[in-house]
Structures are given as structure tokens and as C-alpha cells.
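The values are calculated or read from the model by the stated rules, or taken from the named source; none is laboratory data. This one's a predicted model, so the numbers in the text were calculated from it and none came from an experiment. For neighbour counting, all protein chains shown are included, and Cβ atoms are generated from backbone atoms with ideal geometry for every residue, glycine included. We work out accessible area using only protein heavy atoms, side chains counted, and drop any ligands, DNA or RNA first. Shrake-Rupley method; radii C 1.70, N 1.55, O 1.52, S 1.80 Å.
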Amino acid sequence: MSKPSVQTFGRKRNAVAVAYCKQGSGLVKINGSPIELVEPEPLRIKTFEPILLLGQERFSGVDIRIRVKGGGYTAQIYAIRQALAKALVAYTQKYQDEATKNEIKTILLSYDRTLLVSDPRRCEPKKF
């Protein structure tokens, strides 16, 4: 039987990040490189927000691999952080308990709603 895993996504404008979360040892990779090497550096703290809010110990039991495509680098950072947060919530709901999931959701939503809820705004076509 395969390891317990979930797949979630995060969106911001044209950027889409897909997170694959499975049982593991606390690895977080983005497009194959560690989360510590995310560029641009001033926005790196944004990708760490879910980890900083919930604490490293919640992420220690899971490996998360994120693929991100499209959009600009700022939109990609926001898509990554949303995918990361949603992956942990989905994994907790599926393989742990509902109370822990609700606790995680409350922490994330009280900080920033966009960590779990996508921004519906999209670019409107030009009218000449």
C-alpha cells in the first residue's frame, strides 16, 4: 500500500501551484529546490508564513513537493503559500483528526484569509 498523501493547489492571478503532501520527514521543496532558496529574497518570508504560524513540528511528519507555473514571481509566491497551507489542512483532515484540522484552519484564517481562500480577481480583457 502506498504512503498516505493528498494533492492540493493554490492560485493567484495566472500562477498555479500544485502541492503534493505525503508522509515523511519535514521536507518542503518548490520545483525541486528547497524552500529556503526561493527567489526573490524579500518575498521568501511570505512562503514561510504557514510554517511560522503553525510551527515546524506540524510540518515535521510530512513531505511537501510543490510545482508552480504561470504568472509573475509575486503571484507565484502567493500561490505557493496557499498551496502549502491547504496541503497541510487537507492532510490533517484526511489522516489525523477533525479537531486538529479546525485548529489549524482557525490559526491560518485569523492571520490571512488568502492562505486558504483563493482570490477570485482575474485580469479583464482590454476593450478598445
Please compare each pair in Lys69/Lys126; Lys29/Lys69; Lys12/Lys101; Lys3/Lys46 to a cut-off of 19 Å on the Cα-Cα distance and tell me which ones are over it.
Lys69/Lys126; Lys12/Lys101; Lys3/Lys46
Please give the Cα centre distance for the range 16-50 versus the range 89-106, rounded to the nearest Å.
20 Å
What does the net charge come to around Asn31 if you take all other residues with beta carbon closer than 10 Å to its beta carbon, with K and R at +1 and D and E at -1?
+4
For a quick protection proxy, order the peptides 85-95, 32-42, 14-24 by their average other-Cβ count within 10 Å, most packed first.
85-95, 14-24, 32-42
Probe 1.4 Å, accessible area per residue of the range 20-88, Å²
47 Å²
Quick one: angle between helix 44-54 and the longest Cα principal axis of the chain, in degrees between 0 and 90, rounded to 10, please.
40 degrees
Total formal charge among the other residues, if their Cβ is under 15 angstrom from that of Pro42, Lys/Arg +1 and Asp/Glu -1:
-1
Give the carbon-plus-sulfur fraction of the accessible surface of the range 81-128 in %, rounded to a whole number; probe 1.4 Å, heavy atoms of protein chains only.
54 percent
Against the longest principal axis of the chain, how steep is helix 98-111, in degrees 0 to 90 to the nearest 10, with axes from Cα atoms?
40 degrees
Farthest positive-ward along the chain dipole, Cα basis, beta-carbon charges - from Thr74, Leu27, Tyr91
Thr74
Assuming R0 = 41 Å, what is the FRET efficiency of Arg67 and Phe128, from their Cβ-Cβ distance, to the nearest 0.05?
0.70
